[in-house]
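Each remark here refers to the structure printed beneath this line.
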Amino acid sequence: MTVDCNDPAAELTDGTTTCRVRPDETPSLAVVRAVAAASGLDPVGAGARTDSLEPLAESIDPEALDCIVESGCAGPGDTVSIEFSYADHLVTVRGGETVCVTVD
């Protein structure tokens, strides 16, 4: 089941939030948006808030993530899937289409 990651209550009963990568965003931006929705933290660290996400680059190279996921490196009928930890969450990016976030 996919939920609206703009909804702060966008968590499924099993503790996993799954968000679609929007057509106008990169997979790395979708990761930040999804983890922010799952954790309730500020995705950009703007203003005086101290409860913001760490930069994605501290966990994974965002440009490399986008390049691998968007390049279609998988063979015909296969989907690229990348899993990593970010901000105390396990993140799985599947084929540049969905981002799944679970508390690590």
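The values are calculated or read from the model by the stated rules, or taken from the named source; none is laboratory data. Treat the numbers as computed from the prediction; the structure is a model and nothing was measured. Counting neighbours? That spans all protein chains shown, and the Cβs are built from the backbone with ideal geometry, glycine included.
Would you please name the residue that is modelled with the highest pLDDT, looking only at residues in the range 48-61 that are in contact with an Asp or Glu (Cβ under 8 Å, 6 or more places away or on another chain) and farther than 19 Å from residue 18 by Cα? Working first, answer last.
Within the range 48-61, the first condition is being in contact with an Asp or Glu (Cβ under 8 Å, 6 or more places away or on another chain), and the residues that meet it are 49, 51-53.
Keeping just the survivors that are farther than 19 Å from residue 18 by Cα gives 49, 51-52.
Details: 49: 52, 51: 74, 52: 80.
Per the stated criteria, the residue is 52.
Just the residues that are of a type in the set (Asp, Glu) and either within 10 Å of the chain's Cα centre (by Cα) or more than 17 Å from residue 29 (Cβ to Cβ) (or both), please, taken from the range 79-104. Spell out the reasoning first.
First, the residues of the range 79-104 that are of a type in the set (Asp, Glu): 83, 88, 97, 104.
Result: 83, 88, 104.
Within the range 5-47, how many residues turn out to be at pLDDT 60 or above, buried (at least 21 other Cβ atoms within 10 Å of the Cβ) and not in a helix (DSSP H, G or I)?
Selection size over the range 5-47: 3.
Scan the range 62-83 and give yes if some residue there is surrounded by fewer than 17 Cβ atoms within 10 Å (Cβ to Cβ), in a loop (DSSP other than H, G, I, E, B) and at pLDDT 85 or above, otherwise no.
Looking for residues that are surrounded by fewer than 17 Cβ atoms within 10 Å (Cβ to Cβ), in a loop (DSSP other than H, G, I, E, B) and at pLDDT 85 or above, one finds none in the range 62-83, hence no.
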